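Input: a single structure, listed below in structure tokens.
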Amino acid sequence: MTLTHRLATRADLPELRALIEAAIAELQKGFLDDEQIASSRAIMGLDTALIDDGTYFVVEAEGRIAGCGGWSRRATLYGGDHSAGRDAALLDPARDAAKVRAMYTHPDFTRRGIGRLVLALSESAAAAEGFRMLELMATLSGEPLYRAAGFVPVERLADGAGGAPVPLVRMRKPVTVGTSAR
């Protein structure tokens, strides 16, 4: 299977929303109960500011979007357009961690390198803007991928904004690409 990637556009929104819904509904089974999966929809989703900022990628395979995700130079750590508490403040690359955001893989394409590709694209782009640290908020289903990519847990919490508390893991990783040029 050949993977290609590009920056997302607003024209991708219908397909991205369908992919994200499928990922939330299917890929958290075995990690969360039905109430927690339903609650996840209130705290997860696409933040279109990522598309507008040019920091959100789509990965295509077999003629369709197989996955998506990106990074942000803004303070919001997680959540979609509908989530409360978003913060559009710009981060200082010398002091703050770039945020890896809104990573989803369609259930038909799991375990094929899509998540690792999005992480590599995000890290490279953040490094090009001078960021030295990455941070993300992982779901339990995403935590193994992020650990394998070098992220370490720094905080465990639960977000109950959608009703049933959803366990999450704040994770960090130093930027390792492009460090020899600094």
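For the range 118-182, the equivalent ellipsoid built from the Cα gyration tensor has semi-axes of 27, 11, 10 Å, listed from largest to smallest. Under Stokes-Einstein, with the Kirkwood radius over Cα pairs as Rh, the value for the range 1-131 at 10 °C and 1.306 mPa s is 105 µm²/s. Among the trypsin sites (Lys or Arg not before Pro) in the range 39-143, those placed in a DSSP loop whose Cβ has at most 11 other Cβ atoms within 10 Å are Arg95, Arg111.
Each Cα pair under 8 Å and six or more residues apart adds its separation to the average, and for the range 30-97 the resulting relative contact order is 29 percent. When only alpha carbons are used to place a centre, the range 30-46 and the range 5-25 end up 17 Å from one another. Convex hull volume of the Cα atoms of the range 77-140, normalised per residue: 107 Å³. Using C-alpha pairs under 8 Å with a sequence gap of at least 6, the mean separation divided by the residue count of the chain gives a relative contact order of 23 percent.
Exposure proxy shown here: for His106, His82, His5, the number of other Cβ atoms within 10 Å sets the order, fewest to most, as His82, His5, His106.
Helix-only arithmetic for the chain: the sum of -39500 (n - 2.57) across DSSP H runs with n ≥ 4, divided by the residue total, places the mean residue ellipticity at 222 nm at -8500 deg cm²/dmol.
Taken together, the values in this text are just the output of simple stated rules run on the coordinates, not laboratory data. This is a predicted model, so every value here is computed, not measured. Ideal geometry is used to build each Cβ from the backbone, glycine not excepted, and the neighbour counts take in all protein chains shown.
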